[in-house]
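Let me begin by presenting the structure, written as structure tokens, before commenting on it.
The values are calculated or read from the model by the stated rules, or taken from the named source; none is laboratory data. Since the structure is predicted, the reported quantities are computational estimates derived from the model, not experimental observations. Here the Cβ positions follow ideal geometry from the backbone for every residue, glycine too, while neighbour counts run over all protein chains shown. Side chains included, ligands, DNA and RNA excluded: accessible areas come from the protein's heavy atoms. Shrake-Rupley method; radii C 1.70, N 1.55, O 1.52, S 1.80 Å.
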Amino acid sequence: MSENVDSQVEEVSPEVYRRRRIVAVLILVLVLLLIIGLISWLAGRGNSSDNATATASTSTSAEAFSDFSQRATESATPSESAEASESANASESATASESAEASESAEPTESAEATESAEPTASDSPTEAVVTACTAADLQVSLTADRTSYAAGQNPALAVTYTNTSGNPCIVTGGANNVDVNITSGPAQVYNYAQCYANPVADAEVAAGATNTTALTWDRSLNVLGCNTAATIQPGYYWATATVNGVASQPVRIIVTG
């Protein structure tokens, strides 16, 4: 008996075994497809039922309000509505007319104001530049002597030269010839030209780049003691410095030998 069973088992070839597996897989796939189709069909029927129910509810609600009409209120009578419409129309017409009149009356005024504002005023006219006093930034001052040493009877002749080196005119206060020369001997004051000889006059304007020269002579007087003194200096070394508007030159040495 066992030999017959073994012989039957041995008669199943691999090809037959493979075909049986394929058939089993196909049957399983078909079963799954049937289950999925059944689920989809049931879900579709459920949605159709819900839609039908919603449609029926909507139709019922619409039919319930199909005969509904709004009840007229006491304030909405035809005569009062007509009067309100006429009043509103009249009010709108009056408002439109007033707006048009206001706009027409405002336009000329605005035009006049614009014209007046466009006219040049006195403040728009160009103003002349104010000429200020000459300063060290404007002037270059120098002092020269006609010789380096002076014997007895020789008075030093001095020349004060100043130039406006700026690009604008400036003013020398007290006049173009109103310069000053100060002479010292060491720390001691000896002579001051403006103290006794300078004459105040009107201010003088010096043009840009202009040069002026003032010549004067030192009579060897010792005017530190007074303008009318007859005292004269002694032989020695002296230093002279010129100033114009407070701008000083380099000191110049004057040697008096007799």
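Kindly list the number of the only condition in (1) closer than 25 Å to ASN168 by Cβ; (2) touching a helix residue (DSSP H, G or I) at 6+ places or on another chain (Cβ under 9 Å) that fails for VAL206.
Going through the list (1) closer than 25 Å to ASN168 by Cβ; (2) touching a helix residue (DSSP H, G or I) at 6+ places or on another chain (Cβ under 9 Å), VAL206 breaks only (2).
Say we look at the stretch 207-227 and pick out the residues that are more than 23 Å from TYR150 (Cα to Cα) and of a type in the set (A, V, I, L, M); which of these is surrounded by the fewest Cβ atoms within 10 Å (Cβ to Cβ)? Show your work before the answer.
If we filter the stretch 207-227 for residues that are more than 23 Å from TYR150 (Cα to Cα), which is where we start, we get 207-212, 226.
After this cut, where a residue has to be of a type in the set (A, V, I, L, M) as well, the list is 207-208, 210.
Numbers: ALA207: 10, ALA208: 12, ALA210: 14.
Result: ALA207.
Pick from SER142, SER149: which is modelled with pLDDT of 55 or more, open to solvent by less than 80 Å² (accessible area, probe 1.4 Å), under 30 Å from THR173 (Cα atoms) and in contact with a strand residue (DSSP E or B) (Cβ under 7 Å, 6 or more places away or on another chain)? Outline the logic, then answer.
Working: SER149 fails: under 30 Å from THR173 (Cα atoms).
Step by step, each of SER142, SER149 is checked, and only SER142 is modelled with pLDDT of 55 or more, open to solvent by less than 80 Å² (accessible area, probe 1.4 Å), under 30 Å from THR173 (Cα atoms) and in contact with a strand residue (DSSP E or B) (Cβ under 7 Å, 6 or more places away or on another chain).
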